[in-house]
Amino acid sequence: MSILAVDAGNTRIKWARHAHGAWQEQGWTPAAQPQLEAQWASLKTPARIIVSNVAGSATGHAIASASQRWGIPPQFIRPQPSQCGVSNAYSEAERLGSDRWAALIAAHHLHPGRDLLVVQAGTAVTIDTLSAKGHFLGGMIVPGLRLMLDALARSTAGLARQDGEIRPFPINTADAMMSGAANAIAGAVERGFRQLEARPLCLISGGDADILLPLLDIPIQKTGQLVLEGLLQIALET
C-alpha cells in the first residue's frame, strides 16, 4: 500500500511516500508559502494520506487542497489515550501535539522494550520520556534556537539578530547569543536525562539536531524523521 505521510511543522512541511516496504519520494516546503501542489504533481497516487499538523488551520487547508488532485481526503491524526502500543499520560490526551505523539509511536516501534528519551529539535524543542512498556510519562517544551535568538533581539535594545557560532565563553555578542541559546537547550536535555531513574536510550531528531549533538554530554543518537515514521505506523494500524 502506498502511504503519503506529511509532517506539518511551524517552519517546514515535510513529506514522504512509503511503498513496497520502503520510503520512496520525499521533500519539504516552507510552511509559510507551501508548494505542495507543484511538488506532488509527479507523485504516484497514494492509497492514503496521513498528516500531523501543528502549524494551524491555513496549513491544514493547503494540505487538503493539494490532496484534491487524487480525490483522497487527508487523515489528520489526533493523539489518543492509547495507540500502536503507546499509552498517553497527558492529563488531556488530545492536547498533546500530534507531532510529539507520532514521534513517540515511532520511537517505541524502532526500539521496543527500551526506556527512551525522545528529543525533537525544531522551532520548539520537545523532550519526552517513554517507558520500556510504551507508557508516555510526560515531557518538556523549550523554545528552539531561533525562537530564543529572535526573542533576545525583539525584547532588548542592544542585541541585534545576527548569526553567531557556538564557543566556550564567547568574546562577541553574536557568538554569546548563539552559545547561550544552544547551551540552554542542551542543559534542559541533560537535566531531563538525569532526572530519570532508568538510564534511557536517548534519540534526537529535527532540524537543529546536528547543532545540539556536540554539546550533549550524555549517550544520545541522531535518528531519522520520527514523525513521518510514526505516521506510517498509525496508518498501518488504523
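Just so you know, all these numbers are worked out from the coordinates, no wet-lab data involved. None of these values were measured; they are calculated from a predicted model. Cβ atoms come from the backbone with ideal geometry, glycine included; neighbour counts cover every protein chain shown.
Quote the Stokes-Einstein diffusion coefficient, in whole µm² s⁻¹, for the chain, based on the Kirkwood radius over alpha carbon pairs, a temperature of 37 °C and a viscosity of 0.692 mPa s.
It comes out at roughly 175 µm²/s.
If we count every other residue with Cβ under 14 angstrom of LYS44's Cβ, Lys/Arg +1 and Asp/Glu -1, where does the sum land?
With Lys, Arg at +1 and Asp, Glu at -1, the neighbours total +2.
Picking from ILE49, ILE185, ILE141, which is most flexible by a Gaussian network model of the chain using Cα springs under 10 Å?
Of ILE49, ILE185, ILE141, the Gaussian network model singles out ILE141 as fluctuating most.
Note down the nm distance, to one decimal, between modelled labels 7 Å out along Cα→Cβ at GLU37 and at ARG199.
5.5
Can you run phi through the Karplus equation (6.51, -1.76, 1.60; θ = phi - 60°) for region 98-110 and list ³J(HN,Hα) in whole Hz, with x for Gly and Pro?
Listing the rounded values in order: 5, 5, 5, 4, 5, 5, 5, 4, 5, 4, 5, 5, 6 Hz.
What number, rounded to the nearest 500 deg cm²/dmol, is the helix-based mean residue ellipticity at 222 nm of the chain, given -39500 (n - 2.57) per DSSP H run of at least four residues and division by all its residues?
About -10000 deg cm²/dmol.
Checking the cross-link filter: which lysines have an alpha carbon closer than 27 Å to that of LYS14, excluding same-chain neighbours under 8 positions apart?
LYS44, LYS222
Find which of ALA124, GLN35, GLY134 sits farthest along the positive direction of the dipole of region 1-149, computed with +1 on the beta-carbon of Lys and Arg, -1 on that of Asp and Glu, about the Cα centre.
GLN35
Mean separation of Cα pairs under 8 Å and 6+ residues apart, divided by the residue count of region 106-238: what relative contact order is that in percent?
Normalised by residue count, the contact order of region 106-238 is 25 percent.
What order do you get for 198-206, 4-12 when each peptide is scored by the mean count of other beta carbon atoms within 10 Å, highest first?
Descending mean neighbour count gives 4-12, 198-206.
Let me know the charge dipole size of region 48-158 about its Cα centre in debye, to the nearest 20, where only the beta-carbon of Lys, Arg (+1) and Asp, Glu (-1) is charged.
The dipole magnitude comes to about 220 debye.
Quick one: Cα centre-to-centre distance for region 191-213 and region 9-25, in angstrom?
24
With just the Cα atoms defining each centre, how far is region 155-180 from region 129-149? Give it in Å.
25
If I fit a long axis through the Cα atoms of helix 226-237 and take the longest principal axis of the Cα atoms of the chain, what angle between them do I get, 0 to 90°, rounded to 10?
30
Please figure out what share of the DSSP beta bridges in region 1-150 is antiparallel and state it in percent, rounded to the nearest 5.
So the antiparallel bridges amount to about 75 percent of the total.
Residue by residue through region 111-128, what is 3J(HN,Hα) from phi via Karplus (6.51 cos²θ - 1.76 cosθ + 1.60, θ = phi - 60°)? Round to whole Hz and write x for glycine and proline.
Coupling constants for region 111-128: 9, x, x, 10, 6, 10, 10, 10, 10, 10, 9, x, 3, 10, 10, 10, 10, 10 Hz.
Distance in nm between label sites at LEU159 and ALA58, each 7 Å beyond Cα in the beta-carbon direction?
Each label point is offset 7 Å from its Cα along the Cβ direction, giving 2.8 nm.
With springs only between Cα atoms under 10 Å apart, run a GNM on the chain and tell me which of TRP15, TRP101, TRP23 wobbles the most.
Ranking TRP15, TRP101, TRP23 by mean-square fluctuation puts TRP23 first.
Among SER65, ILE49, PRO168, whose Cα sits farthest toward the positive end of the charge dipole of region 37-195 (+1 at Cβ of Lys/Arg, -1 at Cβ of Asp/Glu, about the Cα centre)?
Farthest towards the positive pole: ILE49.
Tally Lys and Arg at +1 and Asp and Glu at -1 over the other residues with C-beta under 14 Å from the C-beta of LEU149: what net charge comes out?
So the surrounding residues net to -2.
Nothing charged except the Cβ atoms of Lys and Arg (+1) and of Asp and Glu (-1): what's the magnitude of the dipole of the chain about its Cα centre? Round to the nearest 20 debye.
In total the dipole reaches around 300 debye.
Please report, in Å, the Rg and the Dmax of region 3-76, where both are computed over Cα atoms only.
Taking only Cα atoms of region 3-76, I get Rg and Dmax of 11.1, 32 Å.
Taking only the Cα atoms of region 109-238, how large is their convex hull per residue, in Å³?
118
For ILE171 and GLU25 in the same chain, what is the full-extension length gain: residue separation times 0.36 nm, less their Cα-Cα distance, in nm?
My answer for the length gained is 48.1 nm.
Where does each of 116-129, 218-231, 68-81, 170-183 land if you order them by average Cβ count within 10 Å, highest first?
Highest mean packing first, the order is 116-129, 218-231, 170-183, 68-81.
From the backbone phi of region 37-52, what are the Karplus-calculated ³J(HN,Hα) couplings (6.51 cos²θ - 1.76 cosθ + 1.60, θ = phi - 60°) in whole Hz, Gly and Pro given as x?
Here the 3J(HN,Hα) series is 4, 5, 5, 8, 4, 9, 6, 5, 5, x, 7, 9, 10, 10, 9, 10 Hz.
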